[in-house]
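Structure provided below as structure tokens; questions to follow.
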Amino acid sequence: MLLETYRRPKQLISLTPLIDVVFILLLFFMLSSTFNRTKEISVSASSGGQANQESTTVKVLITEPGVVRIKGYEYPINSAALNNELQAYAKSGDKIYLASLNHIKVQEIIKMLDMAKTYGISNLSLSESVSP
């Protein structure tokens, strides 16, 4: 006696969950990426030539996050006194060496470089970090 076996129809894989996963991945990558161009600050390397005798050299030391020491005086980064000092150095063309203590984060140095560029200081050199 021959029994007929019931054949199951071949089930197709539904594409709906696949489309959902692709859409979620697309949203994730679109929201996690940035499309802004980053700002750049150009810093030229110092050369071994002779210094100009007319301009003086000023050392700017970042001692704490948000605090800068210039000629023995400490200024908060957002203070009017520091802004006046930077404007005076920009007008006189003084050479500025920017240094920081070892524990200062790079963002603080970039903030100070950005301020110097804002005030038009073009004669700027970066110095190595120093120990307290």
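The values are calculated or read from the model by the stated rules, or taken from the named source; none is laboratory data. Everything numeric here is computed off the predicted structure, so don't read it as measured data. Ideal geometry is used to build each Cβ from the backbone, glycine not excepted, and the neighbour counts take in all protein chains shown. What goes into the accessible areas is simple: the full protein's heavy atoms, side chains included, and nothing from ligands, DNA or RNA. Shrake-Rupley method; radii C 1.70, N 1.55, O 1.52, S 1.80 Å.
So which residues in the stretch 83-124 are part of a loop (DSSP other than H, G, I, E, B) and polar (S, T, N, Q), if there are any at all? Please lay out each step first, then the result.
Within the stretch 83-124, the subset part of a loop (DSSP other than H, G, I, E, B) is 93-94, 102-105, 119-123.
The answer is Asn102, Ser122, Asn123.
Output the residues belonging to the stretch 89-132 that are touching a Pro at 6+ places or on another chain (Cβ under 6 Å) and of a type in the set (D, E, K, R). Break it down stepwise before answering.
If we filter the stretch 89-132 for residues that are touching a Pro at 6+ places or on another chain (Cβ under 6 Å), which is where we start, we get 101, 108.
Result: Glu108, single match.
Give the stretch 71-82 a look and list any residue that's within 13 Å of Leu61 (Cβ to Cβ) and part of a helix (DSSP H, G or I), or say none.
Taking the stretch 71-82 first, the residues within 13 Å of Leu61 (Cβ to Cβ) are 71-75, 77, 82.
Of everything in the stretch 71-82, just one residue is within 13 Å of Leu61 (Cβ to Cβ) and part of a helix (DSSP H, G or I), namely Leu82.
If you check Leu86 against the conditions, is it aliphatic (A, V, I, L, M) and in contact with a helix residue (DSSP H, G or I) (Cβ under 9 Å, 6 or more places away or on another chain)? Outline the logic, then answer.
Details: aliphatic (A, V, I, L, M): yes; in contact with a helix residue (DSSP H, G or I) (Cβ under 9 Å, 6 or more places away or on another chain): yes.
Against the criterion (aliphatic (A, V, I, L, M) and in contact with a helix residue (DSSP H, G or I) (Cβ under 9 Å, 6 or more places away or on another chain)), Leu86 qualifies.
Okay, residues lined up against (1) open to solvent by 90 Å² or more (accessible area, probe 1.4 Å); (2) modelled with pLDDT of 85 or more:
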site: Pro76; (1), (2): no, yes
site: Ser79; (1), (2): no, yes
site: Asn84; (1), (2): yes, yes
site: Tyr119; (1), (2): no, no
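Within the stretch 88-109, work out how many residues are open to solvent by less than 80 Å² (accessible area, probe 1.4 Å) and touching a residue at least 12 places away in the same chain (Cβ under 8 Å).
Restricting attention to the stretch 88-109, the residues satisfying the condition of being open to solvent by less than 80 Å² (accessible area, probe 1.4 Å) are 88-90, 92-96, 98-101, 104, 108-109.
Narrowing further to those that are touching a residue at least 12 places away in the same chain (Cβ under 8 Å): 89-90, 92-96, 98-101, 104, 108-109.
Going through the stretch 88-109 one residue at a time, the tally reaches 14.
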